[in-house]
Amino acid sequence: VRSKIKGSLPVNTKVVPLADAMRVTALRAVFGDTYPDPVRVIAMGPTVEEVVADPLNEKWADFSVELCSGTHLNKTSEARAFSLISEAPIAKGIR
């Protein structure tokens, strides 16, 4: 995470159909939550268009691709620092 912050990657956003966003295998979302259709997608590094056009590409796992996270950064270096406060499973056997 710190290397991505130092990399000053662009933060790209775009509103896309929910079905297109959900096809992205590297997508980070709160599953079980309800998202609007269309949904705002944030990709830190690649453009949202690149990610949606090639949703199964494993390289997206190296970047943050999220739904509706409400970020207000233009590039990752604006975050300046990162700390992991806690880590817990979201369900039995799933981290």
Positions within region 17-67 being closer than 22 Å to residue 1 by Cβ and of a type in the set (Gly, Ala, Ser), in sequence order: 26, 29, 43, 45, 61, 64
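Filter region 37-56 down to residues that are free of Cβ contacts under 8 Å to residues at least 24 places away in the same chain and part of a loop (DSSP other than H, G, I, E, B) and give me whichever is farthest from residue 8 (Cα to Cα). Before the answer, list the steps.
Our first condition is that a residue be free of Cβ contacts under 8 Å to residues at least 24 places away in the same chain; within region 37-56, this holds for 37-38, 50, 53-54.
Those still in the list that are part of a loop (DSSP other than H, G, I, E, B) too: 37-38, 54.
Numbers: 37: 30, 38: 28, 54: 23 Å.
Only one residue tops the list, namely 37.
Can you find a residue that is modelled with pLDDT of 80 or more and loosely packed, with under 10 Cβ neighbours inside 10 Å anywhere in region 42-61?
Step one: filter region 42-61 for residues modelled with pLDDT of 80 or more, giving 42-61.
Of the ones still in play, those that are also loosely packed, with under 10 Cβ neighbours inside 10 Å are 56, 58.
Yes, because at least one residue in region 42-61 is modelled with pLDDT of 80 or more and loosely packed, with under 10 Cβ neighbours inside 10 Å.
Within region 62-77, restricting attention to residues that are without any contact (Cβ under 8 Å) to a residue 60 or more places away in the chain and either open to solvent by 40 Å² or more (accessible area, probe 1.4 Å) or in a loop (DSSP other than H, G, I, E, B) (or both), which residue is farthest from residue 14 (Cα to Cα)? Write out each step before concluding.
Taking region 62-77 first, the residues without any contact (Cβ under 8 Å) to a residue 60 or more places away in the chain are 62-63, 65-70, 72.
Applying the additional criterion that residues be either open to solvent by 40 Å² or more (accessible area, probe 1.4 Å) or in a loop (DSSP other than H, G, I, E, B) (or both) yields 62-63, 66, 68-70, 72.
Numbers: 62: 19, 63: 16, 66: 11, 68: 10, 69: 12, 70: 12, 72: 13 Å.
By that ranking, first place goes to 62.
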Going by the structure shown, is residue 34 at pLDDT below 90, open to solvent by 70 Å² or more (accessible area, probe 1.4 Å) and more than 25 Å from residue 85 (Cα to Cα)? yes
Of all residues being open to solvent by 60 Å² or more (accessible area, probe 1.4 Å) and not in a helix (DSSP H, G or I) in region 11-30, which is nearest to residue 67 (Cα to Cα)? Just the residue, please. 28
Count, please, the residues in region 1-10 that happen to be open to solvent by less than 80 Å² (accessible area, probe 1.4 Å) and either among the aliphatic types (A, V, I, L, M) or on the phi > 0 side of the Ramachandran plot (or both). 3
Condition test on residue 39, is it at pLDDT 90 or above and either among the basic types (Lys, Arg) or farther than 25 Å from residue 91 by Cβ (or both)? no
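The values are calculated or read from the model by the stated rules, or taken from the named source; none is laboratory data. None of the values given here were measured: they were computed from a predicted structure. Neighbour counts are summed over all protein chains in view; Cβ atoms, including those assigned to glycine, are modelled from backbone coordinates with ideal geometry. These area figures cover heavy atoms from the full protein model, side chains too; ligands, DNA and RNA do not enter into them. Shrake-Rupley method; radii C 1.70, N 1.55, O 1.52, S 1.80 Å.
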